[in-house]
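Have a look at the structure below before the remarks.
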Ligand code: C5P
C-alpha cells in the first residue's frame, strides 16, 4: 500500500483529533495533533510571564522561542502520543479552558507559526501521517493526497467540549465554552498568518448530526480510494 499524507483541518472541537487518531491507528500511520503544539507554547508563555491577564508580550515570547522544546512521546497504555514541553508531560495542563482562552492569540504570532510549521513538516516528511490542525492542507502539506475540512454547528461543538472538560473534572460553565469556541473560530479564520480556511481540493465534512462510527467509515472510505 502507498503511504500518503492525510491533512484534517477544521473549526475547534469538531472531533478532528478523535477521527485522526482512529484513522492513524487503522492505517498504521503516525498521528500528529498540531493543536497540542500551539497549546504547549501557550502554556510556556503563561508559566513564564508572557501572558498576564490576557495581555501577551509577543516580543518577549518571540525572543524565548528557542528555549521551548516540544516532543510527542507515545504512551502505549493510552494508545496515543502525549505532549512534552521541555521534558515535562503537559498533556493535561494544555487541555484546560485557561489555555484555550489564550491559544488563538499565540497562534497568530508569525514567528511561532514558522517554528511549529517547520517541526510539523519534518514530522510528516516520510508520509504515513495523519495530521490535524487549522493550516495543514493549506500551508504545512498543501500537496497532501487527502484533505478533509471538518465543520459542525458551534452549539454542537461546545456541548462536546463541555462534556469532555466535565469528564476531566474541570469546573466549567457551558456558556463560557460556547463563547471560547466562537472566539477561537473568529480569530483562527480572520488572522493574517495562515487563516483557517478550506484547502483547495479538501472534502468538506459536516458532522453536526453524525455519530463517531459513521464519521469514521466515511473518512476511511475516502482514504482507501486514495491509497
Ligand atoms: O486543535 P486545537 O483546538 O487543540 O487547537 C488549539 C488552537 O491552536 C486553535 O484554536 C488555533 O488557534 C491553534 N492552531 C493553529 N494551527 C494549527 C493547529 C492549532 O493555529 N495547525
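The values are calculated or read from the model by the stated rules, or taken from the named source; none is laboratory data. Keep in mind that this is a model prediction, so the values were computed, not measured. So basically every Cβ, Gly included, is an ideal-geometry build from the backbone, and we count neighbours across all protein chains shown.
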Item to check | So residue 178, is it touching a strand residue (DSSP E or B) at 6+ places or on another chain (Cβ under 8 Å) and in contact (Cβ under 8 Å) with a residue 12 or more places away in the chain | outcome: no
Next on the checklist: Looking only at residues that are in contact with a strand residue (DSSP E or B) (Cβ under 9 Å, 6 or more places away or on another chain) and buried (at least 21 other Cβ atoms within 10 Å of the Cβ) in the range 44-59, which one is farthest from residue 103 (Cα to Cα)?
Outcome noted: 50
Checklist entry - Out of all the residues in the range 104-112, is one or more near the ligand (Cβ under 9 Å from one of its atoms), within 25 Å of residue 208 (Cα to Cα) and touching a strand residue (DSSP E or B) at 6+ places or on another chain (Cβ under 6 Å)? => result no
Checklist entry - Quick one: would you say residue 99 is over 25 Å from residue 215 (Cβ atoms) and near the ligand (Cβ under 10 Å from one of its atoms)? => result yes
Next on the checklist: Given the criteria modelled with pLDDT under 95, surrounded by fewer than 20 Cβ atoms within 10 Å (Cβ to Cβ) and not in a loop (DSSP other than H, G, I, E, B), does residue 62 qualify?
Outcome noted: no
Item to check | Filter result for residue 6 (closer than 22 Å to residue 213 by Cα, touching a residue at least 24 places away in the same chain (Cβ under 8 Å) and touching a strand residue (DSSP E or B) at 6+ places or on another chain (Cβ under 8 Å)) | outcome: yes
Item to check | Verdict on residue 207 being more than 13 Å from the ligand (Cβ to nearest atom), over 17 Å from residue 130 (Cα atoms), touching a residue at least 60 places away in the same chain (Cβ under 8 Å) and under 18 Å from the mean Cα position of the chain (by Cα) | outcome: yes
Item to check | Residue selected from the range 21-37 under the condition touching a strand residue (DSSP E or B) at 6+ places or on another chain (Cβ under 8 Å) and farther than 15 Å from residue 4 by Cα, by the criterion modelled with the lowest pLDDT | outcome: 21
Item to check | Considering residues of the range 9-43 that are more than 7 Å from the ligand (Cβ to nearest atom) and either part of a loop (DSSP other than H, G, I, E, B) or free of Cβ contacts under 8 Å to residues at least 12 places away in the same chain (or both) only, the residue surrounded by the fewest Cβ atoms within 10 Å (Cβ to Cβ) | outcome: 28
